[in-house]
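What follows is calculated from the coordinates using simple rules that are stated; it is not laboratory data. Model, not experiment: these values are computed from the prediction. Cβ atoms come from the backbone with ideal geometry, glycine included; neighbour counts cover every protein chain shown.
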Amino acid sequence: MRDGFILSAEKIYKSFRMGAAEVSVLKGVDLAVKKGEFVAVVGASGSGKSTLLHILGTLDTPDRGVVRFEGRDLSRLSAGQLSRFRNKMVGFVFQFYHLLDELSVLENVFLPTMAGKGIIGWFACRGWAKKRARELLCQLGLGERANHKPYQLSGGERQRTAIARALMNEPRLLLVDEPTGNLDSATGNGILNVFEKLNRAGQTIVMVTHDERIAQRAGRIITLADGRIANK
Ligand SMILES: Nc1ncnc2c1ncn2[C@@H]1O[C@H](COP(=O)(O)OP(=O)(O)OP(=O)(O)O)[C@@H](O)[C@H]1O
Ligand SMILES: [Mg+2]
């Protein structure tokens, strides 16, 4: 790992074509995150925060520029290596939770482990995986909710379920997009307490938000404006 950076982005460019027009969203973003940091990226709606987060997590690719994870250029990974990277190294938390309503809360949480294994591999580790999923739910105050369906939960409980799912494979990096965007301020505060506690225990977190007050909860704030990082 170069200079303790777990994640770095160098001169990231990204445009979207909308019919004849091309919209330049990211115009040379540089960003470096140290292991154990809790970084918030703030910026106006439409400034490209989600686009950047998706690129950092390899859910999208930049037009130009390099994203490195623990020093490794992610554009050099094969499709198989990339899906393993996303499954094992990164946990994602989104504004709208993206839970599967057909599955129980517990099943949603252990799904990333199941998805990362073949049938035999899953058979071998499922006892452990279910135990870990239960422990995570208990830590997040959802021990009594394991057998419910996501649609039976409140917004805050759904987001805590999504956080448990993101933590399931012990990711080295948590990427979080407007985690409280759908919640009232007290519930949102509870979610931010969870991230603070995880960070104190060593979890590296990058969170994007348009809300300065939410960003204040992070250890460092960087601002995205006009397609670039405004302060460093
Ligand atoms: N797949 C896409 N196709 C076309 N345009 C896109 C696409 N994704 C994002 N954009 C455009 O890129 C710009 C930045 O979008 P992005 O979602 O990254 O902003 P954001 O900062 O996350 O905004 P918000 O705070 O509202 O979530 C917007 O103008 C958006 O319309
Ligand atoms: Mg967004």
Handout entry: For segment 30-131, with +1 on Lys and Arg beta carbons and -1 on Asp and Glu, the positive-most of I120, N87, T58 along the dipole
Key = I120
Practice task
Quickly rank 175-181, 135-141 as a protection proxy: mean count of other C-beta atoms within 10 Å, highest first.
Solution key: 175-181, 135-141
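What does the net charge come to around A215 if you take all other residues with beta carbon closer than 12 Å to its beta carbon, with K and R at +1 and D and E at -1? Don't skip to the end; give the middle numbers.
Details: positive: K49, R213, R217, R220; negative: E178, D211, E212.
My count for the surroundings of A215 gives +1.
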Practice task
Report, in degrees rounded to the nearest 10, the 0 to 90 angle that the Cα long axis of helix 155-167 makes with the longest principal axis of the chain.
Solution key: 80
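Counting other beta carbons within 10 Å of each Cβ, put M18, M89, M207, M168 in order, fewest first. Mind dumping the intermediate values first?
Numbers: M18 8, M89 19, M207 27, M168 22.
In increasing order of surrounding Cβ atoms, one gets M18, M89, M168, M207.
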Handout entry: Considering only the chain, percent of DSSP beta bridges that pair antiparallel, nearest 5
Key = 55
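When only Cα pairs under 8 Å and 6 or more residues apart are kept, what is the percent relative contact order across segment 1-76? Could you put the intermediate results ahead of the total?
Details: 121 pairs, mean separation 31.3, N = 76.
Averaging sequence separation for qualifying contacts and normalising by length gives 41 percent for segment 1-76.
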Fill in the blank from the handout: Excluding near-sequence neighbours (fewer than 8 apart on one chain), segment 74-232 holds lysine pairs with C-alpha atoms under 30 Å apart numbering 16
Fill in the blank from the handout: Rounded to the nearest Å, the spacing of the alpha-carbon centers of segment 177-232 and segment 1-77 is 17
Handout entry: Degrees between helix 79-88 axis and first principal axis of the chain (Cα, 0 to 90, nearest 10)
Key = 60
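Nearest 500 deg cm²/dmol is fine: what mean residue ellipticity at 222 nm does the chain get from its DSSP H runs of n ≥ 4 alone, each adding -39,500 (n - 2.57), divided by its residue count?
On the way: 7 runs with 83 residues, N = 232.
It comes out at -11000 deg cm²/dmol, rounded to the nearest 500.
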Handout entry: Between helix 119-139 and the chain: long-axis angle, C-alpha atoms, 0 to 90°, nearest 10
Key = 90
